1. When you look at residue 13, is it under 24 Å from residue 98 (Cβ atoms), assigned to a helix (DSSP H, G or I), at pLDDT 95 or above and out of contact with any strand residue (DSSP E or B) (no Cβ under 6 Å at 6 or more places or on another chain), yes or no?
2. Exactly one of these conditions fails for residue 51: (1) in a helix (DSSP H, G or I); (2) at pLDDT 95 or above. Give me its number.
3. Between 51, 87, 40, which is free of Cβ contacts under 8 Å to residues at least 12 places away in the same chain and within 23 Å of residue 9 (Cβ to Cβ)?
4. Can you pull out every residue in the range 17-51 that is surrounded by 19 or more Cβ atoms within 10 Å (Cβ to Cβ) and farther than 14 Å from residue 65 by Cα?
5. Any idea how many residues of the range 95-107 are exposed (fewer than 15 other Cβ atoms within 10 Å of the Cβ), within 16 Å of the chain's Cα centre (by Cα) and in a helix (DSSP H, G or I)?
6. Test residue 58 against the stated conditions and say whether it is modelled with pLDDT of 95 or more, part of a helix (DSSP H, G or I) and within 12 Å of the chain's Cα centre (by Cα).
7. Can you pull out the residues in the range 5-15 that are exposed (fewer than 12 other Cβ atoms within 10 Å of the Cβ) and either more than 17 Å from residue 43 (Cβ to Cβ) or touching a residue at least 24 places away in the same chain (Cβ under 8 Å) (or both)?
8. Those residues that are part of a helix (DSSP H, G or I) and without any contact (Cβ under 8 Å) to a residue 12 or more places away in the chain, I need them from the range 16-37; list them, please.
């Protein structure tokens, strides 16, 4: 992952999050997702994750949040997935969640399951619902091909 953005970069990215240009918004989403405390940027990140003007913005922001490899990034994407109304945006969020390469290894899958169990008890019921929904679709390890 790239270096964490400094205050000036974050300030610029916050301004760019409202740009009419999809590529500028997508770059802002990627930059904001790299912030140390994304909880402080949740409203802006959710706006980018639910961008109805261009799914590339959704894809870039969701991918960057998941690349963090932490619970905070996953939580942000799960919350957006719960709130999404547009089918194309829902598809993009689902693809990001289902296609993250770090979860394709046994160790990565174990980390994902642990984070989902943690988020299943999240105070935000939407986050908890999404975590439960994904957990319900996962096959137990005993059923994995060896």
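1. Numbers: under 24 Å from residue 98 (Cβ atoms): no; assigned to a helix (DSSP H, G or I): yes; at pLDDT 95 or above: yes; out of contact with any strand residue (DSSP E or B) (no Cβ under 6 Å at 6 or more places or on another chain): yes.
For residue 13, the condition - under 24 Å from residue 98 (Cβ atoms), assigned to a helix (DSSP H, G or I), at pLDDT 95 or above and out of contact with any strand residue (DSSP E or B) (no Cβ under 6 Å at 6 or more places or on another chain) - is not met.
2. Going through the list (1) in a helix (DSSP H, G or I); (2) at pLDDT 95 or above, residue 51 breaks only (1).
3. Values: 51 fails: free of Cβ contacts under 8 Å to residues at least 12 places away in the same chain; 87 fails: within 23 Å of residue 9 (Cβ to Cβ).
From the options 51, 87, 40, the qualifying one is 40.
4. Answer for the range 17-51, where residues must be surrounded by 19 or more Cβ atoms within 10 Å (Cβ to Cβ) and farther than 14 Å from residue 65 by Cα: 17, 25, 51.
5. Matching residues across the range 95-107 total 3.
6. yes
7. Matches in the range 5-15: 6, 7, 8.
8. Within the range 16-37, 24 is the sole residue that qualifies.
The values are calculated or read from the model by the stated rules, or taken from the named source; none is laboratory data. Quick caveat, the model's predicted, so the values are computed rather than measured. Cβ: placed from backbone, ideal geometry, glycine included. Neighbour counts: every protein chain shown.
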